[in-house]
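The values are calculated or read from the model by the stated rules, or taken from the named source; none is laboratory data. These figures come from a predicted structure and were not determined experimentally. Because the Cβ atoms are built from the backbone with ideal geometry, glycine has one as well, and the counts that use them run over all protein chains shown.
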Amino acid sequence: MTKFCKPTVVVSKCITFSPVRWDGQIISSEIVEKLKSYVNFIPVCPEAAIGLGVPRDPVRVVLVNGKTRLLQPSTGIDFTDKMKAFVNSFLDSLKDIDGFILKSGSPSSGFKNVKIYPKIDRSAPIGKGLGFFGKAVLQKFPHSAIEDERRLLNLKIKQHFLTKIFTLASFRETKRSGTINKLVRFHTENKYLLTAYNQKELGILGKIVANQEQRSCDQIFNAYETHLNYAFANTPKVGSNINVMLKIMGYFSHQLSRDEKSFFINSLDKYRNARLPLSAIISILKAWIIRFEQKYLLEQTLLEPYPEEFVDV
């Protein structure tokens, strides 16, 4: 059984932790509930943190003279400066953060699809943008895994988020060790995962580990971290995943029967056409890897990038 490093994730407190939403409700989230056993969560509610009660009259993002302000229609109070002060103080206090799960659409925490209004009075929104906390998170932690609870209902987005937070946590532990041997091991174990994500960055990471430039240990780790972040900037494409699966099959294709090969190729076609999840393809490969005693492949994180409890839930 794979032992995973615990990621550290900031989460909106109203998502399963406490009924601090403006209407006094608590937001349910299956994935957040399950992650509680595997993640070090840091719950936060920016609006409660600046003194707004629960329940409370809602606030909204309003465009005033070309700039967004955080206003409360019922009272006319402008909370912009107070919110910015808290956001900067809170985010500056964080260390070793792997990800964020923010409240979707929140005028404070939302990082996408936050309604922007033209005036404080009753009016229809004129567009969508960022909440004040969400915007600052994107600016200060651009390479972290950042999502909201609604987007995590999408299987592909969820898989990418989970892969990223557990990989970043693992690298953090590797960096803390300060030993190049452990970095080499990390790089080796993540080879096929990185191949699926970004082959260009994989090549750069390999050169960093090889250290032909004779850089110091700190320089190597810092350079590696930079390009690891680049590698995980986007979700891997279906075609990239398929190419990696075929490369892995190449290790023992000569030992497979014609029917087994045909079954696997058909399975890849089903995955390509969204009729079969990636986890099913990986399960087939893992069975063959065990059967043919391919220890090197068995240690690849691609086969289990995050705890199996989260596979296709």
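Structure values in brief
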{"quantity": "Single residue of Phe86, Phe79, Phe100 found to be modelled with pLDDT of 95 or more, more than 21 Å from Arg56 (Cα to Cα) and surrounded by 13 or more Cβ atoms within 10 Å (Cβ to Cβ)", "calculated": "Phe100"}
{"quantity": "Residues of the stretch 127-167 that turn out to be more than 17 Å from Ala233 (Cβ to Cβ) and not in a helix (DSSP H, G or I), as a count", "calculated": "9"}
{"quantity": "Of all residues in the stretch 171-205 being surrounded by fewer than 20 Cβ atoms within 10 Å (Cβ to Cβ) and of a type in the set (Gly, Ala, Ser), the one that is nearest to Thr8 (Cα to Cα)", "calculated": "Ser177"}
{"quantity": "Cβ-Cβ under 9 Å pairs, at least 6 apart or on other chains, the stretch 55-74 side not assigned by TED's automatic domain parsing to the domain that holds Arg21, far side of a type in the set (Asp, Glu)", "calculated": "none"}
{"quantity": "Residue list for the stretch 61-75, filter: in a loop (DSSP other than H, G, I, E, B) and either within 21 Å of Gly129 (Cβ to Cβ) or basic (Lys, Arg) (or both)", "calculated": "Asn65, Gly66, Pro73"}
{"quantity": "Qualifying positions in the stretch 1-44 - under 15 Å from Ala169 (Cβ atoms) and among the hydroxyl-bearing types (Ser, Thr, Tyr)", "calculated": "Thr2, Thr8, Ser37, Tyr38"}
{"quantity": "Subset of the stretch 171-207 (residues that are assigned to a helix (DSSP H, G or I) and more than 24 Å from the chain's Cα centre (by Cα))", "calculated": "Ile180, Asn181, Lys207"}
{"quantity": "Extreme residue, nearest to the chain's Cα centre (by Cα), among residues of the stretch 52-98 that are at positive phi and not acidic (Asp, Glu)", "calculated": "Gly66"}
{"quantity": "Selected residue (only one of Val54, Val61 is surrounded by fewer than 18 Cβ atoms within 10 Å (Cβ to Cβ), in contact with a Gly (Cβ under 8 Å, 6 or more places away or on another chain) and hydrophobic (A, V, I, L, M, F, W, C))", "calculated": "Val54"}
{"quantity": "Residue list for the stretch 114-126, restricted to those being buried (at least 16 other Cβ atoms within 10 Å of the Cβ) and in a loop (DSSP other than H, G, I, E, B)", "calculated": "Ile120"}
{"quantity": "Subset of the stretch 180-219 (residues that are of a type in the set (S, T, N, Q) and under 22 Å from Lys295 (Cβ atoms))", "calculated": "Asn181, Thr188, Asn190, Thr195"}
{"quantity": "Filtered residues of the stretch 14-60 (kept if closer than 21 Å to Asp92 by Cα and assigned to a helix (DSSP H, G or I))", "calculated": "Pro46, Glu47, Ala48, Ala49"}
